[in-house]
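See below for the structure under consideration.
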Amino acid sequence: MKLSRRTVAQVRAALREDIGPGDKTSNCLVASRAVARAFVLAKDRGVFCGESLVRTVIALADPSIRVKFFVRDGLPFRKRQTLFELDGKVRSILKIERTLLNFLARLCGIATATSGFVRHASPYGVRVLDTRKTTPLWRELEKYAVLTGGGTNHRMGLYDAVFVKENHRPFGDLSRLSRFHGQFVIEVRDFRELREAARYHPKSILLDNFPVSRLRKAVAWVRKIRPDILLEASGGITPANARRYAASGVDQISIGSLTHSVKAVDFSLLIKPMV
């Protein structure tokens with residue numbers, strides 16, 4: 001994946017945040033010509049995500065650093081496995097170490113969590129989607145990690161889809177949805193809103209916080225009258241109950257926790273002299 005200019009600018013800002021005017025310790029202790037090989041190791045198992053990110057950090061900090069990957073995006077890794085190695089100036093490697101690992105910890109955590117949900121949902125042909133509950137300004141990276149883990153991206157922002165949510169209802173005129181026949185998503189919280197939504201011919205209905213038993217009834221009702229509508233379950237879906245939600249008959253499940261409260265994967269970087 002090629003990162004957008006906006007995301008590259010964010011990575012540059014992250015490096016600047018940590019480095020500032022320079023790495024005082026390395027500049028004091030390490031010879032400017034010293035070179036070494038660094039190994040990035042996993043402290044836990046997971047799914048790797050970050051090839052584009054690693055290459056971008058290197059390009060911004062010191063393009064002379066060479067990288068060799070042993071695990072590619074979307075593939076699993078085990079605890080204590082070496083994921084990739086870096087060859088280059090010691091000062092340059094130390095300069096990018098923390099920023100690089102911070103990014104990787106977050107992205108691999110998202111990819112790993114997504115992969116777990118996909119394992120629960122895929123036997124039923126159900127897609128796993130993310131949401132807009134992303135870290136501000138990290139959205140492209142975090143949604144890239146969802147894709148890497150086998151998931152599917154929902155809309156990127158407010159600008160790329162008509163998506164009617166509960167806060168639109170008290171103030172919006174739903175009859176205007178007739179202009180978007182089959183091209184919008186609408187969230188419903190109960191059967192009254194579900195019956196109303198079906199009349200407007202949406203592309204997709206999001207069944208929000210429906211218990212599984214009620215979800216099955218809603219799915220059966222919609223399938224009888226409008227089998228072309230995509231059905232999505234959202235709210236309260238966890239690794240413990242994801243399989244039950246996926247088995248309810250919906251087409252997809254969306255999970256905010258993939259990006260808003262995912263557990264990071266820890267890594268370490270060890271530098272050894274070149275021989």
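The values are calculated or read from the model by the stated rules, or taken from the named source; none is laboratory data. Just so you know, these numbers come straight off a predicted model, no measurement behind them. Every residue, glycine as well, gets a Cβ built from its backbone with ideal geometry; the counts of neighbours run over all protein chains shown.
Remarks
- Scanning the stretch 187-204 for residues that are in a loop (DSSP other than H, G, I, E, B) and under 30 Å from ALA105 (Cβ atoms) turns up nothing.
- Residue match in the stretch 193-213 (condition: under 17 Å from the mean Cα position of the chain (by Cα) and surrounded by 14 or more Cβ atoms within 10 Å (Cβ to Cβ)): no
- Hits in the stretch 180-206 - residues which are touching a residue at least 24 places away in the same chain (Cβ under 8 Å) and aromatic (Phe, Trp, Tyr): PHE191, TYR200
- LYS2, sole failed condition from (1) at pLDDT 95 or above; (2) within 22 Å of the chain's Cα centre (by Cα); (3) within 30 Å of GLY116 (Cβ to Cβ): (1)
- Residue identified as more than 23 Å from LEU147 (Cα to Cα), outside the structural domain of LEU141 (by TED's automatic domain parsing), surrounded by fewer than 17 Cβ atoms within 10 Å (Cβ to Cβ) and in contact with a helix residue (DSSP H, G or I) (Cβ under 7 Å, 6 or more places away or on another chain) among ALA34, ALA13, ALA59: ALA34
- Of all residues in the stretch 231-270, those that are within 20 Å of PHE103 (Cβ to Cβ), of a type in the set (A, V, I, L, M) and either surrounded by fewer than 14 Cβ atoms within 10 Å (Cβ to Cβ) or in contact with a Gly (Cβ under 9 Å, 6 or more places away or on another chain) (or both) total 5.
- Sub-7 Å Cβ pairs linking a first residue in the stretch 78-94 that is within 30 Å of CYS28 (Cβ to Cβ) to a second residue that is among the acidic types (Asp, Glu), at least 6 apart or interchain, are GLY88/ASP62; LYS89/ASP62; ARG91/ASP23; SER92/ASP62; LEU94/ASP23, ordered by first then second residue.
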